[in-house]
Amino acid sequence: MTAYPTLRFAAIGLDHRHIYDQVRSLLDIGAQCVGYWTRDEAKPLAGFVERFPDIPRMRDRRALLEDPSIHLVTCAAIPMERASLAIEAMRHGKDFMVDKPGLTTLDQLAEVRRVQAETGRIFSVDFTERFEVRAVTRATELVRAGAIGRVLQTVGLGPHRLNRALRPDWFFRREAYGGILVDIASHQFDQFLHFTGATDAEIVAARAGNVAHPDDPGLEDFGEVMLASRDPAGHVVSGYIRVDWFTPDGLPTWGDGRLVILGTEGTIELRKYVDIAGRPGKDHLFLVNNRETRHVDCADAPLPYYTDLRRDVFERTETAMSHAHCFKVCELALRAQAAAQRIGAIAGTRSA
């Protein structure tokens, strides 16, 4: 195993709780957090200080950006602000890893692409529903080993609990989070490309809107997408995505995330966070093929994203995720959001 120098990083923008896992995962691989910067009103700030009391806070983020010893910036700022922070970090010679969505408009995507190419710095979106789910690691191994034959389709479901009282104001402004297909569904676009091997896709149909929360008109609580593409060998592949904010309070976790991978010789289903009324814990994988039907325990599957990202920082490679893949996921989510039929709470109406 290659011995690398200590990865030194900064956390800039603490507006989403995902920053906790980003920082913890980097610390767990032996990285050092030099400091953090965020706005005073960031809701996750108190939880961050509780979890990481020894990480110093900087009142001016330039102190972090201008520190030549810092290799990487990790970020979970308000989504609409992430692209500008990424550009700022890359122009200061820092690699950049950000919570999804990495950006919220096609103009932002074009500018981030341009600056990444100019600077040669890393821009990586942490798609947690793949990179931080052990069952997805195991599913990847099984698909590559031919356990279900050639992949034909993915069905990705991303239900979330709203937790209305805990959400910040920006969460209910569509321009701030980009829309439900840009935000949540970026995970499912990522998994579609990953498991089918496709490098692009047609948005066959898309719908998004607010169907049950009239008091929060800026919220999109439901979205769905149909995708069509071809795998590297030219075979037809398809995808279906459904995302929503309707996880009921009775579920013991924030959402019953699922992925179904249909192959020519079998099916894999992932129940990522809960096996309802069944086995305890998370990371449940069910495999059905011509030889067997079984439940696969994924507790010992690795999560290589952060160690691969460290390698990429020091070796200037793209093992954690290629930029082509990262930018294509962002592009597909933005294209689907732009093309989506706007649906409203009353049948026959169209939301703004």
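Scan the range 90-102 for residues that are in contact (Cβ under 8 Å) with a residue 60 or more places away in the chain, within 12 Å of the chain's Cα centre (by Cα) and not in a loop (DSSP other than H, G, I, E, B) and the total you get is 2. Note on the range 249-270: residues that are free of Cβ contacts under 8 Å to residues at least 24 places away in the same chain and of a type outside the set (Gly, Ala, Ser) total 2. Pairing residues of the range 226-237 that are touching a residue at least 12 places away in the same chain (Cβ under 8 Å) with residues that are among the acidic types (Asp, Glu), at Cβ distances under 6 Å and at least 6 apart in sequence or on separate chains, gives ALA228/GLU202; VAL237/ASP231. Filtering the range 26-52 to residues that are in a helix (DSSP H, G or I), out of contact with any strand residue (DSSP E or B) (no Cβ under 8 Å at 6 or more places or on another chain), under 21 Å from TYR306 (Cβ atoms) and not basic (Lys, Arg) leaves ASP28, GLY47.
Within the range 217-234, being surrounded by fewer than 16 Cβ atoms within 10 Å (Cβ to Cβ) and in a loop (DSSP other than H, G, I, E, B) holds for PRO217, PRO232, ALA233, GLY234.
Hey, among the residues in the range 183-195 that are among the hydrophobic types (A, V, I, L, M, F, W, C) and under 10 Å from the mean Cα position of the chain (by Cα), which one's nearest to ALA228 (Cα to Cα)? Result: PHE189. Considering the range 53-89, and only residues there that are in contact with a strand residue (DSSP E or B) (Cβ under 6 Å, 6 or more places away or on another chain) and part of a helix (DSSP H, G or I), the residue that is surrounded by the most Cβ atoms within 10 Å (Cβ to Cβ) turns out to be ALA86. For the range 42-53, check the following and say yes or no: at least one residue is over 24 Å from PHE172 (Cβ atoms) and aromatic (Phe, Trp, Tyr). Within the range 42-53, one or more residues are over 24 Å from PHE172 (Cβ atoms) and aromatic (Phe, Trp, Tyr). Taken residue by residue, the range 151-160 has no member that is polar (S, T, N, Q), free of Cβ contacts under 8 Å to residues at least 60 places away in the same chain and surrounded by fewer than 21 Cβ atoms within 10 Å (Cβ to Cβ).
Set side by side, the residues ASP126, ASP54 differ, and just one is within 25 Å of LEU193 (Cβ to Cβ) and among the charged types (D, E, K, R), which is ASP126. Examine the range 164-181 for a residue that is surrounded by 17 or more Cβ atoms within 10 Å (Cβ to Cβ), in contact with a strand residue (DSSP E or B) (Cβ under 7 Å, 6 or more places away or on another chain) and hydrophobic (A, V, I, L, M, F, W, C), and state whether such a residue exists. Taking every residue of the range 164-181 in turn, at least one turns out to be surrounded by 17 or more Cβ atoms within 10 Å (Cβ to Cβ), in contact with a strand residue (DSSP E or B) (Cβ under 7 Å, 6 or more places away or on another chain) and hydrophobic (A, V, I, L, M, F, W, C). The C-beta contact set for the range 284-308 (first residue without any contact (Cβ under 8 Å) to a residue 60 or more places away in the chain and within 30 Å of ASP95 (Cα to Cα), second residue surrounded by fewer than 18 Cβ atoms within 10 Å (Cβ to Cβ) and polar (S, T, N, Q), distance under 6 angstrom, 6+ apart or interchain) comprises ASP308/THR319. Here the strands (runs of 3 or more DSSP E) wholly within the range 240-352 that include at least 1 residues being within 22 Å of the chain's Cα centre (by Cα) and in the same structural domain as LEU142 (by TED's automatic domain parsing) are 258-263, 266-271, 284-289. Residues in the range 102-137 that are touching a Phe, Trp or Tyr at 6+ places or on another chain (Cβ under 7 Å) and of a type in the set (Lys, Arg) were compared, and the one that is farthest from LEU332 (Cα to Cα) is ARG121.
The single condition among (1) farther than 30 Å from ARG174 by Cβ; (2) surrounded by 20 or more Cβ atoms within 10 Å (Cβ to Cβ); (3) of a type in the set (A, V, I, L, M, F, W, C) that ILE29 does not satisfy is (2).
Looking across the range 184-216 at every residue that is acidic (Asp, Glu) and in contact (Cβ under 8 Å) with a residue 24 or more places away in the chain, the one that is surrounded by the most Cβ atoms within 10 Å (Cβ to Cβ) is identified as ASP190.
The values are calculated or read from the model by the stated rules, or taken from the named source; none is laboratory data. Bear in mind the structure is a predicted one, so any value in this text is a computation, not a measurement. Note that we place each Cβ from the backbone using ideal geometry, even for glycine, and neighbour counts take in every protein chain shown.
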